[in-house]
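Here the structure is laid out as C-alpha cells; the discussion comes afterwards.
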Amino acid sequence: MKVKQKLREAVDLLYSCGRAGPEAYSRLLLECFRTVDADQARRLQSHMRLHSFAPDSTFFHNRFLQIYAKSGYVSDAQHLFERMSHRDLFSWNAMLSAYSKSGSVDDLLSLFNQMPTHDTVSYNTTIAGLVGHGCCEKAFEFLNRMQGEGFVPTEHTHVSVLNACSQLLDLKRGRQIHGWITARNLKENLFVWNSLIDMYARCGELDLARWLFDRMVTRNIVLWNSMIHGYLRNGQPKKCLELFHDMRFSGVNPDLVTVSSILGALLQIGSIAEADKVFRGIEKRDKVCWTTMIAGHAQNGKEEDALTLFTEMLLDDVRPDGFTISSVVSVSARLASLDRGKVLHGKAVILGLEGDLLVSSALIDMYSKCGDTTDARIVFKLMPTRNVVSWNALIVGYAQNGLDQEALVLYESMLKEKLTPDHITFVGVLSACSHAGLIECGQRYFHSISEQHGMKPTLDHYTCMINLLGRSGYMKEAVDTIQGMPEEPNSLIWSTLLFVSALNKDVQHGELAARHLFELDPLDASPYIVLSNMYAASGRWDGVASLRSLMKDRNIRKIAAYSSIEIDNKVHKFVSDDRTHPQRDKIYDKLNGLIKKLQEAGFAPNTKLVLHDVSEEEKFESICYHSEKLALSFGLISKPLGTIPIRIVKNIRVCGDCHLFMKFVSTITQRSIVLRDSNRFHHFDNGQCSCRDYW
Ligand code: ZN
Ligand code: ZN
C-alpha cells in the first residue's frame, strides 16, 4: 500500500513540474510495472502524450501493454496496441494476454490468427485464455496445433489443459497428460502436481488423487485444500474431516478455503452444532464461510437460521455476493415468505447485484413461488442479460401459477432468441399444456425434445405426459405411454397414474398404479389413502376395510398435513383441528361463521373424501377444520382489510372440499387467496380458481 502511495505522489509531482526527461519517465514506468499499477500508468502515459514525449521505443510501449494486460484494462491495451508503429512478438503476446484474461474469446482468436508468427508463449496464453472462458475443446485443438508446429508443451500448458480436463470431467485425456508429465519428469513442479491432483479429485478418482497426494514431499496448503475439497465434492465428508486432522497433525495451518470445506463437510453430514462451533471459532470470517453456513443451514431444513445468519453477515460488514443472495432468496421462496423475499430484493438492488444472473433467476423463482407473477415478470424484463435458467424460472413460474398460455408464448420467444431449451424448460412447457388440456400441443412439444433438440425425455417429462393424457380422460393412452418408456417407471410416474385414475374414477387403473406404489415404497401412506378414497367414492366399503387393515398391519401412518401463513414476518403453522394457536377462539369463531354462510348458500361439505367409515357427523367435523381453512380464517382476522392476497402454503394436495371453500370465501369476502399446495398454485378470485378445478 505504501509503495503504491509513493508512486502516486511521484506521478503527482511529475504533473506539477511539467515535462520530464527520459530517465524520469523510465523510472516511473518501471515502478508502475513492478507494482502493476495501471491507474498511474495511465496518468503517466497521458503526461507523456501531453508533453509530446514520444520515444519510438517498442520497449516503452510493451511495458505499458503488459501493465494494462495484467490489470485487465483491455481497452487501454487495445488503444495503445493499435497505435503502435512497430510491434514485436512481445507486443503481440502482451495483447493476447490482455484478451486472454479479460477480453472476449473472439478477440483472442482473431488476434492469434493475425499474428505474423507464434511462439510457446503465444500458445500458452491462448490455451489458458480458452480454458478460462470455458472453451475447453477449443483449447485441446490449440494444444494439437501447438504440437503440430513443433512446440513442446511446458508446465504452463500442462496446468491449463489439466484444468480443462477438470472442467470437462475428462478422465481419459487427464490420464494421457499425466503420462506425458511422468515421461518428461516434470513431477517436481508444484502447480502441475496440484492441477493433476485436482483433476483426479474432480473426476471422482479420489484414491488415485490421494495416492499422488501421499507421495508428495512438500505439501503446501493449496494441495491440502484440493484434496480436502475433492472429498467434499464427491460426497465423502468423513474422509474430508479425517484429512483435515492429518493436515493439522502435519503442522500445516488451515486457511479460510480449508475452513470453508470443513464447514461444508460438517453441514453435509448434518453436524450443524459442530459446524456452528467451528464457524464461531473463526477469527475473520469471509464471504465464502458465511455463504457455506447459510446454504448448509438451508439444505438441512433450517430456513429460519439461514436467514438469521444472513442478517448477522451483514452486521459483520461482510459483503454478500450473488451466490449468497440467491441462497437466501431461495430460502424465502421455500418459506413462501414474500415479505422477506422483497426485503432481500431490496438488498440485492443496494448491493448492485440485481442484474446478477443467479440473483435475478432466484428472484423470479421466489416471486413465482409466492404466487406473484407480476413481479416475477418485472424482474425478468429488467434483466440486462438472460440465460436459459432465467427463462426457465419464468416459464415454470407461469405454468405453476396457471398462466399456461403465457408460459407457452414465452417458450416460443425463447426459441426465437436462439436459446437452447433444457429439460427444465420442457417440464414447464409440458405442465402448462397439461393444465390447459392441450393434448396435441403437448404431444408435439414432447416429440420435439428428441426430434428437434436431440435430448432424451426424462421421467419428469413422462410424468407430465401421463398427467396431460389422464386429465383429459385418455387413460389407455396414459398407460400405453408408461409401457413404452425406455426405463423403469419410478414412483412419481405411478403416483401420477394413480392421481389421474382417481380423477376419472377409474378403479381398475388406480389399483394397477397403487400395486406398483405399494411395492416401491410400502410405508408411504398416500397411495393407500387415495385408493381408499376411490373405493369409498364408488361405495366399495369392502375395499376400504381391507386397505385399512393392511395399513394397520404394516403400521403405516398418514403424514401430518399442515398449512402455514405469514403475517407480519412471522410464519404461523396449523395442523388439522389445531387448537394450539393463542388466537384459537377467534379463529374458530370466524371459521364457523364462514361455514354457516356456505351451508346457507346450499353447499354441503363433500364428506366422500374422508377416509373413515365414521358417522357423517364426525366426518363433517374433521373436514371442516382442515389446516388450510384454519390458516385462511387466521389470515382474515389478522388482515381484515386490504387488497393484498392472503397467501397460504400447504404441504400436501388440497382436498376438494377446501378448494370449494376457498372459492366461496373469495366471493363473499372479495379477497384474493393464493394457496400453494404440494402440486401447484391456486389463485382464488371471485369464486374462480386459476387451476380451473384441475389439480
Ligand atoms: Zn381440506
Ligand atoms: Zn384450484
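Quick notes on this one:
- Cross-chain or 6+ apart pairs with Cβ under 8 Å, the stretch 620-649 first and closer than 18 Å to Q599 by Cβ and modelled with pLDDT under 85, then outside any helix (DSSP H, G or I) and within 16 Å of ligand 2 (Cβ to nearest atom): I623/N606; I623/C655
- S532 vs. criteria outside any helix (DSSP H, G or I), small (G, A, S), closer than 20 Å to C658 by Cβ and touching a residue at least 24 places away in the same chain (Cβ under 8 Å): no
- Filter result for S85 (of a type in the set (G, A, S) and outside any helix (DSSP H, G or I)): yes
- Filter result (under 21 Å from the mean Cα position of the chain (by Cα) and either within 20 Å of Q236 (Cα to Cα) or of a type in the set (A, V, I, L, M, F, W, C) (or both)) within the stretch 270-296: G270, V288, C289, W290, T292, M293, I294, A295, G296
- The lone exception for K558 - which of (1) out of contact with any Asp or Glu (no Cβ under 8 Å at 6 or more places or on another chain); (2) modelled with pLDDT under 90; (3) within 16 Å of ligand 2 (Cβ to nearest atom) it fails: (3)
Residues checked against (1) more than 8 Å from ligand 2 (Cβ to nearest atom); (2) more than 27 Å from the chain's Cα centre (by Cα); (3) at negative phi:
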{"residue": "P645", "(1), (2), (3)": "yes, yes, yes"}
{"residue": "V649", "(1), (2), (3)": "yes, no, yes"}
{"residue": "C655", "(1), (2), (3)": "yes, yes, yes"}
{"residue": "L660", "(1), (2), (3)": "yes, yes, yes"}
{"residue": "F664", "(1), (2), (3)": "yes, yes, yes"}
{"residue": "T667", "(1), (2), (3)": "yes, yes, yes"}
{"residue": "S672", "(1), (2), (3)": "yes, yes, yes"}
{"residue": "G687", "(1), (2), (3)": "yes, yes, no"}
{"residue": "R692", "(1), (2), (3)": "no, yes, no"}
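- Listing of helices (runs of 4 or more DSSP H) fully contained in the stretch 127-194 that carry 1 or more residues being more than 37 Å from the chain's Cα centre (by Cα): 136-148, 171-183
- Residue list for the stretch 75-106, restricted to those being surrounded by fewer than 18 Cβ atoms within 10 Å (Cβ to Cβ), touching a helix residue (DSSP H, G or I) at 6+ places or on another chain (Cβ under 6 Å) and among the acidic types (D, E): D88
- The lone exception for D12 - which of (1) farther than 30 Å from T120 by Cα; (2) among the charged types (D, E, K, R); (3) touching a Lys or Arg at 6+ places or on another chain (Cβ under 8 Å) it fails: (3)
- Matching option when the condition is of a type in the set (S, T, N, Q), out of contact with any Phe, Trp or Tyr (no Cβ under 8 Å at 6 or more places or on another chain) and modelled with pLDDT under 90, among S538, S495, S501: S538
- Among the residues of the stretch 346-372, those identified as under 27 Å from L675 (Cβ atoms) and surrounded by fewer than 22 Cβ atoms within 10 Å (Cβ to Cβ) are G346, D372.
- Restricting attention to the stretch 641-695 and to residues that are part of a helix (DSSP H, G or I) and more than 16 Å from ligand 1 (Cβ to nearest atom), the residue that is surrounded by the fewest Cβ atoms within 10 Å (Cβ to Cβ) turns out to be I668.
- A single entry from E149, E155, E141, E205 fulfils the requirement of being touching a residue at least 12 places away in the same chain (Cβ under 8 Å) and exposed (fewer than 15 other Cβ atoms within 10 Å of the Cβ): E149.
- The residues on offer are Q66, Q40, and the sole one that is part of a helix (DSSP H, G or I) and in contact with a Lys or Arg (Cβ under 8 Å, 6 or more places away or on another chain) is Q40.
The values are calculated or read from the model by the stated rules, or taken from the named source; none is laboratory data. Since the structure is predicted, the reported quantities are computational estimates derived from the model, not experimental observations. All Cβ positions, even for glycine, are placed from backbone atoms using ideal geometry, and neighbour counts span all protein chains on display.
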